[in-house]
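Below you'll find the structure, written out as structure tokens, and then a few comments.
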Amino acid sequence: MDKLSKHPSRETDQHDEGWREQYPIDTVKEQNQNRRQFLKTVVAGSALLACGQVALVAAEARRAQVKQLSDKRMVLDVNLSDIADGESILFHYPDEHSPCLLIKISDSKVLSYSQKCTHLACPLIPKAEEGMLFCPCHKGAFDLETGNPLFGPPKRALPRVQLSVDDTGLITVYGMEQAL
Ligand code: FES
């Protein structure tokens, strides 16, 4: 019987033994390697799951700390390139009774908040060079970077306007949130 016509199950014996002699396998070592590989996979999988859960918990915690006041989309009728660094503009969002400030720090950094002081709703004056938004009514102030109260009567942070700027300088406002 030639080799091709042999039944596969009967082709072991000598052929297999020759192969084993030529390429000896340490079975115990191989099993240990397999076990190690399995453990690595389990640990990596667990780490990924843990990361995912941490991200979910973080997102949930953030949701609990922030209230979304609006998700209306609106394109501003001013281009970012028309605003100088340190300059601010006034616009209204999400309605005509809600003045907001947009402060351009640089081409890559733009901040925006409600202009109403969280104490008694006086209009704030941006002071970019001093890193604050100042309220002249009772001498309160908010941090320009975070919107958190710095000094004076205000206790609550300013509602923050969420926006994006595209490559052409088009500014799109898409939300407003209030830290709780
Ligand atoms: S209204 Fe702004 S500090 Fe009072």
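Nothing in this text is a laboratory measurement; each read-out follows from the coordinates by a stated rule. Please read all numbers here as calculations on a predicted model, not as lab measurements. We place every Cβ from the backbone using ideal geometry, glycine too, and count neighbours over all the protein chains shown.
Listed values for the range 88-97 are Karplus-derived 3J(HN,Hα) couplings in whole Hz (6.51 cos²θ - 1.76 cosθ + 1.60, θ = phi - 60°), namely 10, 10, 9, 9, 10, 7, x, 9, 5, 9, and x replaces Gly and Pro. Potential lengthening of the chain between Ala179 and Ala84 amounts to 31.3 nm, from the contour at 0.36 nm per residue minus the alpha-carbon distance. Placing a pseudo-label 7 Å from each Cα along the Cα-to-Cβ vector at Lys72 and His138 gives an inter-label distance of 2.8 nm. Amide H neighbours of Gly175 under 5 Å, at least 5 residues apart or on other chains, H built in the peptide plane: list them. So Gly175 has HN proximity to Gln162. Annotation note: trypsin sites (Lys or Arg not before Pro) in the range 82-147 located in DSSP loop regions with a Cβ neighbour count of at most 16 within 10 Å are Lys139. Measuring max minus min along each principal axis, the C-alpha atoms of the range 71-179 give extents of 40, 28, 20 Å (largest first).
On full extension, the segment bounded by Gln53 and Arg35 gains 3.8 nm, given 0.36 nm per residue less the C-alpha separation. In terms of packing, defined here as the mean over residues of other Cβ atoms within 10 angstrom, the peptides 141-154, 71-84 line up highest first as 141-154, 71-84. Each residue, Asp107 and His92, gets one label point 7 Å from its Cα in the Cβ direction; the gap between the two is 3.3 nm. Summarising the amide proton neighbourhood of Gln115: residues at separation of 5 or more, or on other chains, whose placed amide H is nearer than 5 Å comprise Cys100, Leu101. A Förster distance of 22 Å, applied to the separation of the beta-carbon atoms of Thr172 and Ala64, puts the FRET efficiency at 0.25.
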